[in-house]
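Notes to accompany the following structure.
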Amino acid sequence: MTVIVYGHVSRAVAVTAPIYPKQLGVAFFLFASGFTLARERRPVPDALFKRLFQTWLFAFVLGGGIAVAGAINGTGLALSNFLPLVGANVVFDNFPANPTTWYLGTYLHLLIIWAVWLRKVRVRRWMVIAAVALEIPIRAALMATAGRFVAYMLLTNWMAVFLLGLAEGAEDDRDAARSPRPFIVGGIAAMVVWAPAARLLPLEMTVPFITLRGWPPHAGLLAVSAAVSTLYLLPTVITFEATRRVVAPAPVRFIARNTPIIFLAHMPVFLALHPLLVASQVGYAARVIVLMLACLIGLAALSEAIRWLLERSTIYSNLVRVCSPGRFALGSGEAFVPRPGARALQASASARR
């Protein structure tokens, strides 16, 4: 989550072209989701409810608040914010009004695919390789026909990294005996090589993928798509292997359990504060610090307060009881109890359930 928020508030020039650094945070989320789904032992309705209910409730309330505010100030109802709740946003070549909510539609599709099919399959690494071979031409074709946003939001964009999480989650924890040093050194070396090499390419800063200019159209799209898959997978593997032996420290757990509200609300907060800071002539570094404090730490603290209130709310308890397919604890942060030797990378996934 921190990677995503920093990517948005800093508007950092990409050192990971043709993707933006914040997309690595999404790849980490989907890997961690696949990892924990591979170890899911609850009945499917229970697992889906635990992963979706609270986040969808927060998203609905925030979308309603934005709609009311838009009606009052005349900027519009921003009804596109409700499309991800039913997974419909992925067919439109643009983000919702609250941009980061696009992820909800993709996440919903992936959970449905898992519930219907993938939970019955023992995902192997050869399947991840096959997914890469499929997603590269599919992504390129979608960029050329349906548009870059559709190519980005459809589950085909994230297929390999999600399957990698399922494959790793099904592995025995004893594999963690491998040393993380080669992965750490390899990750640093890859960044040192990739960043300057990318600057030599004729790139145009387009969203959500950076465009490669000067190449034949089909070759350029395929090259960009291949680089996207590479950049989703390699940093994810490196980060996982480097952190899998580390018990998540308190600050990581703090951000992780409050991820839903940070994820949903940080862009509205950023869009409200950024123009004020620019108008006040606040320097870039100070501006990024203020925005990080507000969009990450501030929202995490607000989320803690909201979760504390919900745990003591009779109305919320009754709502959970009515909607739940079974009996659940109220908090969303304890959806999955990892095996001994919890990995730091897993912490973010527990908050997304």
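Within the stretch 91-127, how many residues are part of a helix (DSSP H, G or I), in contact with a helix residue (DSSP H, G or I) (Cβ under 6 Å, 6 or more places away or on another chain), among the aromatic types (Phe, Trp, Tyr) and under 17 Å from residue 23 (Cα atoms)?
1
Starting from the stretch 38-63, keep only residues that are buried (at least 18 other Cβ atoms within 10 Å of the Cβ), then list their pairs with residues that are acidic (Asp, Glu) whose Cβ atoms are within a distance under 8 Å, requiring at least 6 positions of separation or different chains.
38/168; 47/40
Name the pairs whose Cβ atoms lie under 9 Å apart, with the first residue in the stretch 199-211 and touching a residue at least 12 places away in the same chain (Cβ under 8 Å), the second basic (Lys, Arg) and surrounded by 12 or more Cβ atoms within 10 Å (Cβ to Cβ), and 6 or more positions between them or separate chains?
206/148; 207/148; 208/148; 209/139; 209/148; 211/148
For the stretch 156-173, what are the residues that are without any contact (Cβ under 8 Å) to a residue 60 or more places away in the chain and in a helix (DSSP H, G or I)?
Filtering the stretch 156-173 down to residues without any contact (Cβ under 8 Å) to a residue 60 or more places away in the chain leaves 156, 159, 171-172.
Scanning the stretch 156-173 gives 156, 159.
Taking the stretch 1-25, which residues are aliphatic (A, V, I, L, M), surrounded by fewer than 23 Cβ atoms within 10 Å (Cβ to Cβ) and part of a helix (DSSP H, G or I)?
Answer for the stretch 1-25, where residues must be aliphatic (A, V, I, L, M), surrounded by fewer than 23 Cβ atoms within 10 Å (Cβ to Cβ) and part of a helix (DSSP H, G or I): 3, 24.
Keeping to the stretch 194-210, report how many residues are among the small types (Gly, Ala, Ser) and closer than 18 Å to residue 22 by Cβ.
Initial filter on the stretch 194-210 (among the small types (Gly, Ala, Ser)): 195, 197-198.
Narrowing the set further to residues that are closer than 18 Å to residue 22 by Cβ leaves 195, 198.
Counting residues in the stretch 194-210 that are among the small types (Gly, Ala, Ser) and closer than 18 Å to residue 22 by Cβ gives 2.
Being at pLDDT 95 or above and surrounded by 11 or more Cβ atoms within 10 Å (Cβ to Cβ) narrows it down to one of 328, 263, so name that one.
Details: 328 fails: at pLDDT 95 or above.
The conditions single out 263.
Just to be sure before I move on: is residue 254 over 25 Å from residue 66 (Cα atoms) and either in contact (Cβ under 8 Å) with a residue 60 or more places away in the chain or surrounded by 14 or more Cβ atoms within 10 Å (Cβ to Cβ) (or both) in the structure I sent? Break it down into steps so the answer makes sense when it comes.
Numbers: over 25 Å from residue 66 (Cα atoms): yes; either in contact (Cβ under 8 Å) with a residue 60 or more places away in the chain or surrounded by 14 or more Cβ atoms within 10 Å (Cβ to Cβ) (or both): yes.
The answer is yes for residue 254.
Is it the case that some residue within the stretch 221-233 is hydroxyl-bearing (Ser, Thr, Tyr), within 28 Å of residue 133 (Cβ to Cβ), out of contact with any strand residue (DSSP E or B) (no Cβ under 9 Å at 6 or more places or on another chain) and not in a helix (DSSP H, G or I)? If you could, list the steps in order and put the result at the bottom.
Just the residues of the stretch 221-233 that are hydroxyl-bearing (Ser, Thr, Tyr), to begin with: 225, 229-230, 232.
Then drop every residue that is not within 28 Å of residue 133 (Cβ to Cβ), which leaves 225, 229-230, 232.
Of the ones still in play, those that are also out of contact with any strand residue (DSSP E or B) (no Cβ under 9 Å at 6 or more places or on another chain) are 225, 229-230, 232.
Those left that are additionally not in a helix (DSSP H, G or I): none.
Checked against the condition, which is being hydroxyl-bearing (Ser, Thr, Tyr), within 28 Å of residue 133 (Cβ to Cβ), out of contact with any strand residue (DSSP E or B) (no Cβ under 9 Å at 6 or more places or on another chain) and not in a helix (DSSP H, G or I), the stretch 221-233 yields no hits at all.
Could you list, in sequence order, all residues of the stretch 36-52 that are assigned to a helix (DSSP H, G or I) and either in contact with a Phe, Trp or Tyr (Cβ under 8 Å, 6 or more places away or on another chain) or among the charged types (D, E, K, R) (or both)?
Pass one, the stretch 36-52, residues assigned to a helix (DSSP H, G or I): 36-38, 44-52.
Selection gives 36, 37, 46, 49, 50, 51.
Name the residue that is surrounded by the most Cβ atoms within 10 Å (Cβ to Cβ), counting only residues in the stretch 170-185 that are at pLDDT below 80 and within 25 Å of the chain's Cα centre (by Cα).
Top of the filtered list is 183.
Looking at residue 130, is it among the small types (Gly, Ala, Ser), in contact (Cβ under 8 Å) with a residue 12 or more places away in the chain, surrounded by 14 or more Cβ atoms within 10 Å (Cβ to Cβ) and part of a helix (DSSP H, G or I)?
For residue 130, the condition - among the small types (Gly, Ala, Ser), in contact (Cβ under 8 Å) with a residue 12 or more places away in the chain, surrounded by 14 or more Cβ atoms within 10 Å (Cβ to Cβ) and part of a helix (DSSP H, G or I) - is not met.
The values are calculated or read from the model by the stated rules, or taken from the named source; none is laboratory data. Computed from a predicted model, the values in this text were never measured in an experiment. FYI the Cβ positions are ideal-geometry reconstructions off the backbone, even for glycines, and counts take in every protein chain you see.
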